[in-house]
Structures are given as C-alpha cells and as structure tokens.
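Undergrad: After the structure tokens below, expect a handful of questions from me.
The values are calculated or read from the model by the stated rules, or taken from the named source; none is laboratory data. Please read all numbers here as calculations on a predicted model, not as lab measurements. Every residue, glycine among them, receives a Cβ derived from its backbone with ideal geometry; neighbour counts consider all protein chains shown.
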Amino acid sequence: MIVEIISIGDEILAGNILDTNKQYISDSFWQLGFKVKYHVSVCDDEGDIGDALLLAAKRADVVICTGGLGPTADDFTVEVAAKTFKVKLVENEMVLNSLISLLEKKGRKLCENNRKQARVFEKGKAFLNKVGTAPCVNYCFKGTDFYFLPGVPREMKSLLNESVLPNILSSRVSQYHFKTKFLKTFGCPESELDNKLKDLWRDRTFIDKARIGFRCHLPEVTIKVSVWDKNESEAQNQLGSVVKKIYDRVGEFIYSEDKRESLESLLIKKLSENNKTLATAESCTGGLIAKRLTDISGASRVYLGGVVSYANSVKEDVLNVSQDIINKYGAVSRECAEAMVKGIKHQTKADYCAAVTGIAGPDGGSKEKPVGTVHVALIKNGELSHQKLFLPYPREMFRMIVSSVILKAFLDE
C-alpha cells in the first residue's frame with residue numbers, strides 16, 4: 001500500500017510554522033508496516049490543491065491531507081476536494097449536533113462559519129473531533145482513500161489514532177510485518193559511519209534485506225534499521241542479523257537503541273543505579289553540561305552541582321587554581337583543567353568530576369591555541385585523566401560537542 005501525505009496552508013510554505021504533522025503521520029504508518037512514499041506541501045490555492053489531489057489519486061492508495069478545515073475564509077480544502085472529485089457536500093447531522101454541543105459548553109452559539117464544518121462528502125464518512133470543531137472527512141475517489149484532517153497537531157493526532165488508522169486497518173491489512181531499531185551514535189561523523197559500513201551495502205539504501213537510514217542531528221547520528229517481511233519471526237531475525245553486523249563495525253560509537261534516550265538521561269540512570277555522584281567545573285561550555293544533566297528528572301539524586309568558572313578569578317577563588325598555573329600555562333591548558341577538576345572534587349567530594357576549559361570562538365584564539373582548542377580533565381574511580389581536543393566548529397556546536405564528549409566519557413567508564 002502506498003501512502004501520500006499532503007499538507008495544505010500558506011503558513012507551511014512561507015516557513016511561518018514547522019510542519020510536524022508529516023513526521024507524526026509518517027512514523028505512525030511505518031510502525032504499522034505501511035510505507036509513506038510521498039510528502040507534498042500546497043499553498044492555499046484552489047488550483048494547486050486540486051492538482052495535488054488528482055496527482056495523489058494516480059499514485060497512492062491512501063492519502064492523508066491536513067489543513068484548511070477551519071471556520072475561516074481561507075479554509076476551503078473540503079470544498080476544493082468536492083469540486084475536484086465532482087461530488088456534493090451535504091450537512092451531516094451528527095457533526096452538526098456535535099458542533100452545537102461543543103460550542104454551547106463554551107458559552108457560544110453556532111455561526112455560519114462553524115456550520116460549514118458540518119458539510120461533508122455525500123456518500124463519504126465523517127469522524128467526530130473530540131478535541132476541536134473540524135471533523136475528519138473521508139472519501140474514496142477512483143480507488144484511492146482520501147482522509148482530510150485538521151492541521152492543528154493535537155486535533156490531527158486524536159483523529160488519526162482514534163478514527164483514521166483503525167478505519168484503514170479494518171479494510172487494508174498490511175501484508176508485511178515491520179520491525180525497526182534506532183541506533184544512536186556519538187563520536188563518529190555521518191560520512192565515516194557510512195564508510196565503515198561500505199562493504200555491507202547491497203545498494204545505496206539496503207544492507208541485506210534491511211533498509212538503512214542516517215539521521216544527523218549534530219553532534220549525534222542515528223542509524224535507523226527497518227525490515228519488512230510477510231513472516232514476523234523472519235523480519236525479527238533479519239533485523240537482528242543486520243544490527244549485529246552494524247555493531248561489529250561501529251559498535252564503539254553506539255550508546256543507545258532507544259530513540260527517546262539521550263547521553264544525559266543514560267548517565268543519570270547509570271549514576272543512580274551505581275549510587276554514584278557527579279560534579280562539574282565548566283569554563284567554555286558555560287554551564288551547558290549542568291543544564292543538560294538537570295533537564296533530566298531525578299538528576300538531584302546524583303548531580304551535586306557545578307561551578308561555571310568563566311573568569312580566571314573564579315577559577316582561582318572558587319576552584320583554587322593557582323595564579324601561577326594561569327600565568328605560566330594559561331587558562332586553556334592541561335594544567336588548568338586538571339587543577340579545576342581537583343578543585344571541584346575538593347569542594348563537592350563527588351565520586352565523578354569533570355572540568356573543561358577551551359576557546360569557543362569566534363574570537364580569542366592564537367597560533368599556539370587556535371579557536372576550537374579544549375582541555376578536558378576527569379576524575380573517575382579516583383583516577384585523574386586528561387584529553388586535549390581540537391573542535392573547530394561554530395560556537396554553539398562547539399559547546400554541544402564538548403558537553404557530549406564529557407557525558408559519553410562517563411558512560412564508557
């Protein structure tokens with residue numbers, strides 16, 4: 001079964017809003033074993049909408065349209081679809097009564113703008129919207145099932161999950177079982193990951209019978225492995241076989257198979273399970289490590305706190321970094337980073353400690369210490385370690401990578 005998604009609205013093409021509906025709908029269909037093959041965005045133009053619907057009818061079995069179902073003048077998707085399909089619109093009593101009841105609860109009366117939302121395709125289907133006014137309307141045109149949903153994400157999700165997907169599954173059962181796994185990686189660029197897997201590729205998108213996709217969300221890359229098969233156990237076996245082959249080549253960079261997990265959430269979990277504590281001393285990252293850790297619920301059980309020692313005076317006064325070290329080696333040096341981590345260890349008595357100092361740029365670099373230079377010092381299990389890195393990236397990316405390096409270092413311990 002081929003699925004197409006059409007998003008309608010000037011605000012999408014103008015870049016005023018991010019179209020998250022396509023992502024949600026696509027993921028929902030893939031999880032059920034149906035492939036979404038086309039994504040289309042159309043402005044609020046009758047001709048363009050009509051053309052998009054006719055093209056979709058030629059190439060897709062199911063079409064999900066979002067947007068243009070509201071009560072305002074520029075909400076005319078259903079009207080255009082009726083004209084394109086050459087079908088009448090009729091007032092649906094069930095939808096009308098639902099609208100009246102919903103508006104009465106809000107102390108409002110039904111007006112003509114809202115009344116038009118009760119007009120649906122003759123011989124089509126309507127599904128009530130439990131969280132808004134616009135219903136989902138369904139019509140089969142030349143063998144293609146069209147579903148028109150409101151563009152408001154909350155309303156779209158409710159109708160998709162409670163009405164549209166169950167209706168599709170009742171008539172179009174997938175012949176395939178879909179299995180997927182997300183391999184979240186850090187520490188290896190997308191191009192290098194691909195190169196390490198090059199001998200496995202059957203073509204540009206498949207390893208054996210598994211479809212492979214890379215999603216780069218710097219500084220991380222997620223490898224998505226997907227398998228479809230008519231036999232469920234065979235699909236699971238194929239998935240496991242390919243995932244093992246990927247681990248054999250890039251396993252050192254994979255830190256999770258749960259797309260909802262992050263480096264920080266895994267570290268908080270690990271520290272909690274091992275009854276360990278952590279503290280940080282940050283300079284060039286400006287508190288980003290502390291921020292990422294404290295974004296996670298339960299961090300207070302393991303994260304004792306941190307010092308943002310941006311100024312040298314704070315390094316000296318709070319972390320007890322000697323002025324001699326700064327004068328002789330500079331604030332961006334191994335000696336300073338190691339003194340910082342010893343200082344935060346002394347202040348907090350945490351089991352694990354991290355310190356970072358560097359040059360985020362774009363200014364402040366020199367020939368000896370160019371922008372992107374960073375020194376990381378860690379204390380793990382009573383042992384002090386140091387790492388010098390050169391990360392010539394834009395300021396925000398530099399800070400994100402450095403914070404991730406530290407989080408991953410404690411996970412690898």
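Undergrad: Looking only at residues in segment 6-23 that are under 18 Å from the mean Cα position of the chain (by Cα) and surrounded by 16 or more Cβ atoms within 10 Å (Cβ to Cβ), which one is farthest from LYS230 (Cα to Cα)?
TA: Per the stated criteria, the residue is ASP19.
Undergrad: For segment 245-266, which positions are polar (S, T, N, Q) and in a helix (DSSP H, G or I)? Working first, answer last.
TA: Within segment 245-266, the subset polar (S, T, N, Q) is 256, 262, 265.
Matches in segment 245-266: SER265 only.
Undergrad: Further question on the same structure: When ASP44 is evaluated against the numbered criteria (1) without any contact (Cβ under 8 Å) to a residue 24 or more places away in the chain; (2) touching a helix residue (DSSP H, G or I) at 6+ places or on another chain (Cβ under 8 Å), which criterion, by number, is the only one it fails?
TA: In the conditions (1) without any contact (Cβ under 8 Å) to a residue 24 or more places away in the chain; (2) touching a helix residue (DSSP H, G or I) at 6+ places or on another chain (Cβ under 8 Å), ASP44 misses (1) alone.
Undergrad: Taking segment 64-84, which residues are under 26 Å from ASN161 (Cα atoms) and in a helix (DSSP H, G or I)?
TA: THR77, VAL78, GLU79, VAL80, ALA81, ALA82
Undergrad: Also, I was wondering about something else. Please tell me if GLY343 is touching a strand residue (DSSP E or B) at 6+ places or on another chain (Cβ under 9 Å) and free of Cβ contacts under 8 Å to residues at least 12 places away in the same chain.
TA: Working: touching a strand residue (DSSP E or B) at 6+ places or on another chain (Cβ under 9 Å): yes; free of Cβ contacts under 8 Å to residues at least 12 places away in the same chain: no.
In short, no.
Undergrad: Restricting to segment 253-264, and then to whatever is within 17 Å of SER404 (Cβ to Cβ) and modelled with pLDDT of 95 or more, can you tell me which residue is surrounded by the most Cβ atoms within 10 Å (Cβ to Cβ)?
TA: LEU263
Undergrad: Could you please give the count of residues in segment 33-55 that are outside any helix (DSSP H, G or I) and hydrophobic (A, V, I, L, M, F, W, C)?
TA: 5
Undergrad: If you don't mind, there's one more thing I want to ask. With the structure loaded, tell me whether VAL80 is surrounded by 15 or more Cβ atoms within 10 Å (Cβ to Cβ), in contact with a Lys or Arg (Cβ under 9 Å, 6 or more places away or on another chain) and either under 23 Å from ASP145 (Cβ atoms) or modelled with pLDDT of 90 or more (or both) or whether it fails that test. First the steps, then the outcome.
TA: Details: surrounded by 15 or more Cβ atoms within 10 Å (Cβ to Cβ): yes; in contact with a Lys or Arg (Cβ under 9 Å, 6 or more places away or on another chain): no; either under 23 Å from ASP145 (Cβ atoms) or modelled with pLDDT of 90 or more (or both): yes.
So VAL80 does not fit the description; no.
Undergrad: Identify the single condition in (1) more than 24 Å from THR205 (Cβ to Cβ); (2) out of contact with any Phe, Trp or Tyr (no Cβ under 7 Å at 6 or more places or on another chain); (3) in contact (Cβ under 8 Å) with a residue 40 or more places away in the chain that ASN274 does not satisfy, given that it satisfies every other one.
TA: Looking at each condition in turn, ASN274 falls short on (3).
Undergrad: Is segment 364-384 home to any residue that is under 15 Å from VAL405 (Cα atoms), β-branched (Val, Ile, Thr) and in contact (Cβ under 8 Å) with a residue 60 or more places away in the chain?
TA: First, the residues of segment 364-384 that are under 15 Å from VAL405 (Cα atoms): 372-380.
Checking the rest, the ones that are also β-branched (Val, Ile, Thr) come to 373-374, 376, 379.
Of the ones still in play, those that are also in contact (Cβ under 8 Å) with a residue 60 or more places away in the chain are 374.
Checking segment 364-384: at least one residue is under 15 Å from VAL405 (Cα atoms), β-branched (Val, Ile, Thr) and in contact (Cβ under 8 Å) with a residue 60 or more places away in the chain.
Undergrad: Since GLN117 meets every condition but one in (1) in contact (Cβ under 8 Å) with a residue 24 or more places away in the chain; (2) farther than 19 Å from LEU53 by Cβ; (3) surrounded by fewer than 18 Cβ atoms within 10 Å (Cβ to Cβ), which condition does it not meet?
TA: Unmet for GLN117, out of (1) in contact (Cβ under 8 Å) with a residue 24 or more places away in the chain; (2) farther than 19 Å from LEU53 by Cβ; (3) surrounded by fewer than 18 Cβ atoms within 10 Å (Cβ to Cβ): (3).
Here is a yes/no grid of residues against (1) surrounded by 21 or more Cβ atoms within 10 Å (Cβ to Cβ); (2) in contact (Cβ under 8 Å) with a residue 12 or more places away in the chain; (3) touching an Asp or Glu at 6+ places or on another chain (Cβ under 8 Å):
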position: TYR147; (1), (2), (3): yes, yes, no
position: VAL152; (1), (2), (3): no, yes, no
position: LEU160; (1), (2), (3): yes, yes, no
position: LEU169; (1), (2), (3): no, yes, no
position: PHE178; (1), (2), (3): no, yes, no
position: LYS198; (1), (2), (3): no, no, no
position: ALA210; (1), (2), (3): yes, yes, no
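Undergrad: Identify the residue in segment 287-321 that is of a type in the set (Gly, Ala, Ser) and touching a helix residue (DSSP H, G or I) at 6+ places or on another chain (Cβ under 7 Å) and, among all such residues, is farthest from VAL405 (Cα to Cα). Walk me through it before giving the result.
TA: Going through segment 287-321, the residues of a type in the set (Gly, Ala, Ser) turn out to be 287, 290, 297-300, 305-306, 309, 311, 313.
Going one step further and asking which of them are touching a helix residue (DSSP H, G or I) at 6+ places or on another chain (Cβ under 7 Å), we end up with 298-299, 305-306, 309.
Values: GLY298: 22, ALA299: 19, GLY305: 19, GLY306: 17, SER309: 19 Å.
Taking the candidates together, the pick is GLY298.
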